[in-house]
Amino acid sequence: MAWNEPGKGDKDPWKNKGGSNQGPPELDDVLKDLSKKLSGLFGKSSGGGNHSSGSGNAGGALSLLIILIVLVAYAFSCFFTIKEAERGVKLRFGEYVGVVEPGLSWKWTFIERIIPIDMQTTRDLPAAGFMLTQDENVVHVEMQVQYRVVDARNYVFSVTNADKSLEQALDSALRYVVGHNQMDAVLTSGREDVRQQVWQELEKIIEPYQLGLLVVDVNFKDARPPEQVKDAFDDAIAAQEDEQRYIREAEAYARGIEPRARGRVSRMEQEAIAYKQQIVSDAEGAVAKFEKLLPEYKAAPEVTRKRLYVATMEKIYSNTSKVMVDVDGGNNIMYLPLDKIINQQTSLPTNVTPSLPTPRQQPSQVNSSSTGRSDRYDRGRN
């Protein structure tokens, strides 16, 4: 028999909640039950005592569920993460509590606040402007500062804005240093000094404020005169660069020529010392020879004198190509040892030109002044 047969009553199995054959309720019934529970939760009654009591129990369970969900969501919101390069400044009701290290941490949401600060990144801060030098000239200077945070608490609480304070301190230090230097120094040779001075002055300015910042480097990017006089200053800078180049070239030439000059001086000194030693040795040898000859001369002066003369003349005439002729004998036939003369000429140095009598010269004109000595020399040898 069908459950919906006429005359059998309402035996809908989907609404038979008390029976053994239970099934899923209708969507409308579920919505109505949920509406009743919400109404009971907010204090609105919708029926008799038993039904009111059931709605109150369901509303309490739903309230507990909602509270539990809110607590779980709040617990999850209390967890936070600090990156490796950061440090977290923890505030509780706006008051500084401490610094949170990198990693997963806990905070009370709506009670505590975390301000992450990057501690490892190097930041850049530019500064530029037209400035007046000590010699009352205007230059346009550009400089850049590199810095990073080293103290998170001082960075947040020492001043209102640490980055802005550093920018103002850099501008003040740069104008102070440029105002105490000449224009030529700022544009050309004194750039490194200006950079160092700006660095020192900047650290001196920010030290009392305890900004929590560390200046890593100061870069002098550019310095140029106003556009109206730029060409003249470019010529002046080029002239100064040429001057420095010439100085370096002269120094390099001096470093190259000086060792050679010292070498020549040393060689000349050594040659002079050797020449001195040679002369002294020759003199000592001559003295020794004279000392050996002196006893013989004292024993036979005439013989020794003649022997010395003959040896000297032999040495002299052995190196000459001239022929000595004795014309006192009256002999018209003369014998010239041409073979010996030719051999002697070939043995002479190339720069020595032997002198022989020409055919037109008379024999008496050839070394007539030496005839007597030659005659005596021949007679002495015989």
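The values are calculated or read from the model by the stated rules, or taken from the named source; none is laboratory data. Computed from a predicted model, the values in this text were never measured in an experiment. Neighbour counts are summed over all protein chains in view; Cβ atoms, including those assigned to glycine, are modelled from backbone coordinates with ideal geometry.
When you check residue 99 against the structure, is it farther than 20 Å from residue 217 by Cα and in contact (Cβ under 8 Å) with a residue 24 or more places away in the chain, yes or no? Yes; evaluated as a whole, the condition is true for this residue. Search segment 177-192 for residues that are assigned by TED's automatic domain parsing to the domain that holds residue 141 and over 16 Å from residue 129 (Cβ atoms) and pair each with any residue that is of a type in the set (Val, Ile, Thr) and assigned to a helix (DSSP H, G or I) when their beta-carbon atoms are under 8 Å apart and the residues are at least 6 apart or on different chains. Listed pairs, sorted by first residue: 185/194; 188/237. Being of a type in the set (D, E, K, R), over 13 Å from residue 213 (Cα atoms) and touching a helix residue (DSSP H, G or I) at 6+ places or on another chain (Cβ under 7 Å) holds for only one residue in 87, 175, and it is 87. Looking at the structure I just gave you, is residue 274 of a type in the set (Gly, Ala, Ser) and either outside any helix (DSSP H, G or I) or under 30 Å from residue 343 (Cα atoms) (or both)? No; evaluated as a whole, the condition is false for this residue.
Taking residue 201, is it of a type outside the set (Phe, Trp, Tyr), assigned to a helix (DSSP H, G or I) and outside the structural domain of residue 99 (by TED's automatic domain parsing)? The answer is yes for residue 201.
Name the residues in segment 179-195 that are over 22 Å from residue 241 (Cα atoms) and either β-branched (Val, Ile, Thr) or in a helix (DSSP H, G or I) (or both), would you? Within segment 179-195, just 179 meets the criteria.
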